[in-house]
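First up is the structure itself, then whatever we jot down about it.
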Amino acid sequence: MSSAHHRGIGMTSMRTRNRLIDRLSEEGIKNQGVLEVMRGTPRHIFVEEALASRAYEDTALPIGLGQTISQPYIVARMTELLLEDGPLKNVLEVGTGSGYQTAVLAQMVGRVYSVERIEPLLQQARGRLREMGLKNIRMKLSDGGMGLPEYAPYDGILVTAAPAGIPLALVEQLRVGGRLVLPVGSAREQVLVKVVKTEDGYDKEILEQVVFVPLLGGVQR
Ligand code: SAH
């Protein structure tokens, strides 16, 4: 890690991180593997330096270009839901953003494919993930509403921006038994949805209310 990331070390210390993990577990996160991976993942390198001191608060933070790094609770919750039925070989993430969720996933599954529609965000995330030494990630600038058919089928798909409805292209790119975890709804309010692909369609479970940025079309350079 570069020396810049060691500045403000007091605010990014192990004690500060431990407090966040205790809080996630009080909030109901049960998967110990998820908690341990998040304890070991330096969230402060995924935010601007000016916000590094707030990186271990359980809150979403701005990452520029109108986007946000997701709240740690929601990262933990979505990862837990994705992994509920055991280990996954390959996962597609739609909406790389800062790359923080990507980093957490990459430490828990075989391979992660992550797509982002805003090029500068993708480039920054690429640098951070390289800095962490994670090698099982493939990233692409693309509109993830269409999924990423070239590497399908996936054991899991996680979407970190909200479409108005469940994108069928994503369901199609799951293997049977594979799961899709995503927020669905309007710009103002959404619910977290878990979709499991079946032989002849899919099962859907609606979970808690959440707030995400909207899933948009096209790419932005
Ligand atoms: N998991 C990320 C969340 C970032 S916010 C993090 O914790 O940092 C959601 C991201 O989804 C934004 O970066 C946004 O640009 C991206 N996004 C929105 N619509 C998209 C689409 N159709 N394809 C790919 N990425 C998209």
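Within the bounds of the range 153-176, is there any residue that is assigned to a strand (DSSP E or B), free of Cβ contacts under 8 Å to residues at least 60 places away in the same chain, open to solvent by 10 Å² or more (accessible area, probe 1.4 Å) and over 26 Å from Pro72 (Cα atoms)? Among the residues of the range 153-176, at least one is assigned to a strand (DSSP E or B), free of Cβ contacts under 8 Å to residues at least 60 places away in the same chain, open to solvent by 10 Å² or more (accessible area, probe 1.4 Å) and over 26 Å from Pro72 (Cα atoms), which makes the answer yes. Going through (1) open to solvent by 50 Å² or more (accessible area, probe 1.4 Å); (2) within 18 Å of Gln67 (Cα to Cα) one by one, Leu122 falls short only on (1).
Somewhere in the range 80-94, is a residue of a type in the set (S, T, N, Q), crowded, with 21+ Cβ neighbours inside 10 Å and closer than 17 Å to Val159 by Cβ? Let's see the steps before the verdict.
Going residue by residue through the range 80-94, those that are of a type in the set (S, T, N, Q) are 90.
Pick out the ones that are also crowded, with 21+ Cβ neighbours inside 10 Å and you get none.
No, the range 80-94 contains no residue that is of a type in the set (S, T, N, Q), crowded, with 21+ Cβ neighbours inside 10 Å and closer than 17 Å to Val159 by Cβ.
Where strands (runs of 3 or more DSSP E) fall wholly inside the range 68-149, the ranges with 1 or more residues that are under 10 Å from the mean Cα position of the chain (by Cα) and within 10 Å of the ligand (Cβ to nearest atom) are 90-94, 111-116. Based on this model, can you work out whether Glu150 counts as touching a Lys or Arg at 6+ places or on another chain (Cβ under 7 Å), at negative phi and open to solvent by 40 Å² or more (accessible area, probe 1.4 Å)? No, not satisfied.
Look at Leu65 and say whether it is of a type outside the set (Gly, Ala, Ser) and within 15 Å of the chain's Cα centre (by Cα). Taking the combined requirement at face value, the residue does not satisfy it. Working only within the range 99-119, note down all residues that are touching a residue at least 40 places away in the same chain (Cβ under 8 Å), over 21 Å from Leu35 (Cβ atoms) and surrounded by 20 or more Cβ atoms within 10 Å (Cβ to Cβ). Selection gives Tyr113, Arg117, Ile118.
The values are calculated or read from the model by the stated rules, or taken from the named source; none is laboratory data. Quick caveat, the model's predicted, so the values are computed rather than measured. Using ideal geometry, Cβ is built from the backbone for each residue, glycine included, and neighbour counts are taken over all protein chains shown. Surface areas here come from the heavy atoms of the whole protein model, side chains and all, with no ligands, DNA or RNA. Shrake-Rupley method; radii C 1.70, N 1.55, O 1.52, S 1.80 Å.
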